[in-house]
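Here's the structure we're looking at; comments come further down.
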Amino acid sequence: MNNWMLLRHHTLVLFLDKENRMRLLSTRPNFVYLNRMDMLFFAHLLVSSFYALEGSDIPGAAVTANMVLVKEWVRDHCPQFPVMPPKRCIPGILPDCDNDNIDAMPRVWFDELKGIYRMLGSVSTNHGPSRGQTGDSLDTMKHTCTPYINTTPLDANLSHFNADVWIEAPFVLNSTHVYALAHVDSYNATINSHYTGINLYSAITLFESLDGGASFHLARPPPHNLVATSPYDNRDGRFGRGPGYGMPSSIFRDPQNKMFYTILLTNWGRDVGAQKGGLCLLRASDITDPTSWRAWGGQTKNFSVKVNVSPLLEPVPDPLDYTCELLLDSNGNILNMRHISLLWSTFYNQYLAFGEANVGRGSLSWVFSLSKDLIHWSVPVPVDAPNTSWWNLTGNASITPMEPKPGRWIVAPLEAPYWVQPSDTNQTYKFKALCSPCTSGRPCEVCPSSGDLCKTAENVSRKEFDSIPSATIDFSCGLVYNMTGYSDYIYPTLVDDTYHKTTNADPSLNIVGQNAHVVFVANVCANSDPWQVGDDHLKCTILDTKGRPRRNIVKSKVQFR
């Protein structure tokens, strides 16, 4: 039948008999056509379902390995920075503003054209180039200095939906063509060649690669690459921050109906007009066409809701017609997840969503949820992590005073105290304390136990004071404290290439088994937030003492049960 095979398809029921032997019951015979790739998928699915029944029937997951660095910012970042950067970064103008960092999901796919794995490392296209990681395997991926998308010119036209853009969700269509959903934030003002003011809209747009994912560009000229945004008019900011869609999950293609699926966050989780805040499911028949995406609108509307309409493009008489139905968990609550990997689990024989959830008091936890139809989801299950010094999901940061201190405090007439310290090149700079001049009579306490520096700093002459060059950044406690470890772990991305390696199919790595890698971003405890009298302790920030954000890309392993 020319590469097709006629199979008898059954509804399968697994059960245990009196002797605890596994039995297979088939019902409701009918016929379907499967090609060879689908046969491999369903055979893998059937075998794994037997193994899933061997353990507990209550789903769970646990971290099973130590953290391994994929990209260490200090070691691997590409641009060579000046010793003392400018106090304020202006993206696109000053080369020092290219921090070679990451601010999105580190998604992974297999580049069939080059025969290598690729990992995203996206920053906003207005803030600098985005550089990824590549390798022959998931264990050999290294940071590369070749951008897959460069800094783009300022586009302040709201109707273009092309301001701050993060490429987030790639899907491999064939050996050359990779399509990716991008998150976009659009603002109401610009200054000094960067966006400012209120984030008026959030949107999803489509990007395209013709070289296996080595480089990306707009799939169509704006606004024809628009996938989804808010139907409400927010040009005056009446609805607050960013109504629309964002944080796209990975794209999953169903091997049965050939449709593409993704989960999006509406309105940053807030209600805007008739559109409730939460997660919505979108489906497309043609991933190359941004207008083909439709949202699920409930049992009545099904996948008929257009979401690429905007009053910026044409009048929207009734925004209610363009609102999606939220995904709920089995308790009837809004599905509480963010930064989702949307996959098929051969272990559970169900769809699996893996991501973050807010568990209260601003704390995030890794969780996963299961579904048989992408509409109805289980209550998210937290991922267990060892409570050890090397791992816990709330970070392992440590802040301790340096002894002896690597500099000294000075104060000159009519000045606030300054910290004097040599730089990496032994050039000495002075860093201003965030205090009023000592002549004001106000105490100057900048770190725990620092005391009043106006009383303890060394008095120097104006001549000596002026002879020391001023740093372009102010003093922070990170100059006199050892800051180590990570403050938290974000953007967890579930990756398993077992099925891909076994079948040479699934280059988008949509299928996950019992064991998988989790690649995530670790916020380095690189400095401290400004300390004020009354604070009980110093708090970490990723901005180092020179104002550069430091984030590492790390991976570990997760096992499902």
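See the values below:
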read-out: Accessible-area composition of region 202-275, carbon plus sulfur, in percent [1.4 Å probe]; value: 51 percent
read-out: Anchor LYS430: lysines whose Cα lies under 29 Å away (excluding residues fewer than 8 positions away in-chain); value: LYS87, LYS405, LYS455, LYS463, LYS539, LYS546
read-out: Cα convex hull volume per residue for region 103-153 (Å³); value: 74 Å³
read-out: Residues of type lysines that LYS501 reaches as a straight line, Cα spacing below 28 Å, ignoring anything fewer than 8 places off in the same chain; value: LYS71, LYS114, LYS142, LYS258, LYS372, LYS555, LYS557
read-out: Average accessible surface area per residue within the chain, 1.4 Å rolling probe, Å²; value: 45 Å²
read-out: Cα point-scatterer Debye curve for region 234-331, base-10 log of I(q)/I(0) at q = 0.18, 0.19, 0.21 Å⁻¹; value: -0.88, -0.98, -1.17
read-out: Gained length - LEU69 relative to ASP136, 0.36 nm times residue gap less alpha-carbon distance; value: 22.5 nm
read-out: Percent breakdown of C-alpha pair distances by 10 Å bin, ordered from the shortest bin, for the chain; value: 3, 16, 24, 24, 17, 9, 4, 2, 1, 0
read-out: For the chain, share of DSSP beta bridges that run antiparallel, in % to the nearest 5; value: 95 percent
read-out: 0 to 90° range, to nearest 10: angle between helix 36-52 axis and the chain longest Cα axis; value: 80 degrees
read-out: Portion, in percent, of the accessible area of region 308-449 that falls on carbon or sulfur, probe 1.4 Å; value: 50 percent
read-out: Cα-centred dipole magnitude for region 188-241, charges only on beta-carbon of K, R (+1) and D, E (-1), debye, nearest 20; value: 200 debye
read-out: Extension gain from ARG408 to THR439, taking 0.36 nm per residue of separation minus the Cα-Cα distance; value: 9.1 nm
read-out: Dipole in debye (nearest 20) - the chain, about Cα centre, beta carbon charges: Lys, Arg +1; Asp, Glu -1; value: 340 debye
read-out: Label point distance in nm, LEU154-LYS258, each placed 7 Å from Cα along Cα→Cβ; value: 4.6 nm
read-out: Share of Cα-Cα pairs in region 427-528 lying beyond 24 Å, as whole percent; value: 54 percent
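The values are calculated or read from the model by the stated rules, or taken from the named source; none is laboratory data. On a predicted model such as this, the values are computed, not experimentally measured, just so you know. A quick note on method: Cβ atoms are made from the backbone with ideal geometry, for glycine too, and the neighbour counts reach across all protein chains shown. Heavy atoms of the whole protein, side chains included, go into the accessibility calculation; ligands, DNA and RNA do not. Shrake-Rupley method; radii C 1.70, N 1.55, O 1.52, S 1.80 Å.
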